[in-house]
Each structure stands twice: as C-alpha cells, then as structure tokens.
Amino acid sequence: MPMFSPQPITLVAVAGGFAATLVMTVSFLNYRSELPFPTAEIWNRLTGGRELFGSPYAGPIILLFLLGTTLAAGFPWVLWNVVRFHNTAYYNTFPEAMLTGLVFGLLFYGISVLAVGVGLLHVELTESQALRYFFVHVLFGLVYGLWMGLATNLWYPIFF
C-alpha cells in the first residue's frame, strides 16, 4: 500500500472503525452511571467543559468516534508500512481478521491504560469498572475484526 493513497482497505477500515466505535459507545452509555466516559476528560480539557447540544455526553461521544474511526482507519496502513506485516489475510479475511481486530482492541485499551499511568488522563476505576472498560475494548476489537474480515468476501464485491 503506497503511503496516503486511497486504498479500499482504508475505506473498509473507516467504516469498521465507525461500526466498532458505535458498539463501544452503546456499551459505555449502558454503564454511564457507573463507568466514566473515556473521552470526557479530554473533551473537558480541550473545551473547558463546554456542552454540545445541551448534553454532557455529546462532545465526548463525537471525540470518541473521531479517535476510534481515525485509529481504525490507520491500523491497516500501520501494519503494512510500519510493522511491515504484509500478510493481508490478517486484516481483510475472516477469521484471521478477528485475531488482528482483537489485538487492535487490546492495543487501544493499552494506550488508554498507558495514558492513565503517565498522568495524561486522571481516571480512577474500581475493579469492576476496570473489567467493564477492558470488555468494551475487547468488544471494539472483535467488531472491528469481524467488519474487516468481511472485506474480501462482502465489502469488496459490493463496493469496489
């Protein structure tokens, strides 16, 4: 994949990232009374706590979609160009893509844990909250992997 060229896998990854972030967001909203929204602190730092559309969740949700979709869109490019992992079956064929998606979800989780560990985010979670937080990232990865795994047999024939 040449750098910054519009590849079909990138477009599939954008849609997959959006779908995975949607499932993740619904999971977060299901636990909103007991689980801090992950991007709320970042949103509050960037905007001074400004609410969008009269809701304390709108801004953080938009930010979560931007982060999840952007990171998901770049993941195949990183695998191909940075890691030099050129076995495309692991990001566009089912069931191999499920494993890669799960790794991506865990990587996404690891980045957020690292951000808390170095003090970029100040989130204190109970043990059950931390488990739920881990679960929604695993869920993100599995949905992303499923979406990406359907690329060769479903998305490419329909759209490309």
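Structural remarks
- Considering the range 8-21, the residues that are hydrophobic (A, V, I, L, M, F, W, C) and at pLDDT below 95 include one that is most open to solvent (accessible area, probe 1.4 Å), namely Leu11.
- In summary, Thr69 fulfils each of the numbered conditions (1) buried (at least 20 other Cβ atoms within 10 Å of the Cβ); (2) over 16 Å from Ala19 (Cα atoms) with the single exception of condition (2).
- Count of the range 31-65 residues, restricted to those that are touching a helix residue (DSSP H, G or I) at 6+ places or on another chain (Cβ under 9 Å), open to solvent by 60 Å² or more (accessible area, probe 1.4 Å) and not hydroxyl-bearing (Ser, Thr, Tyr), is 8.
- Scanning the range 108-119 for residues that are surrounded by fewer than 14 Cβ atoms within 10 Å (Cβ to Cβ) and either outside any helix (DSSP H, G or I) or touching a residue at least 24 places away in the same chain (Cβ under 8 Å) (or both) gives Val118, Gly119.
- Residue in the range 129-160 that is least open to solvent (accessible area, probe 1.4 Å), counting only those that are free of Cβ contacts under 8 Å to residues at least 12 places away in the same chain and closer than 17 Å to Ala19 by Cβ: Leu154
- Scanning the range 78-95 for residues that are within 17 Å of the chain's Cα centre (by Cα) and surrounded by fewer than 18 Cβ atoms within 10 Å (Cβ to Cβ) turns up just one, Val78.
The values are calculated or read from the model by the stated rules, or taken from the named source; none is laboratory data. What you see is a predicted model; the values in this text were computed from it and never measured. In this analysis, Cβ positions are derived from the backbone assuming ideal geometry, glycine residues included, and neighbour counts consider all displayed protein chains. These area figures cover heavy atoms from the full protein model, side chains too; ligands, DNA and RNA do not enter into them. Shrake-Rupley method; radii C 1.70, N 1.55, O 1.52, S 1.80 Å.
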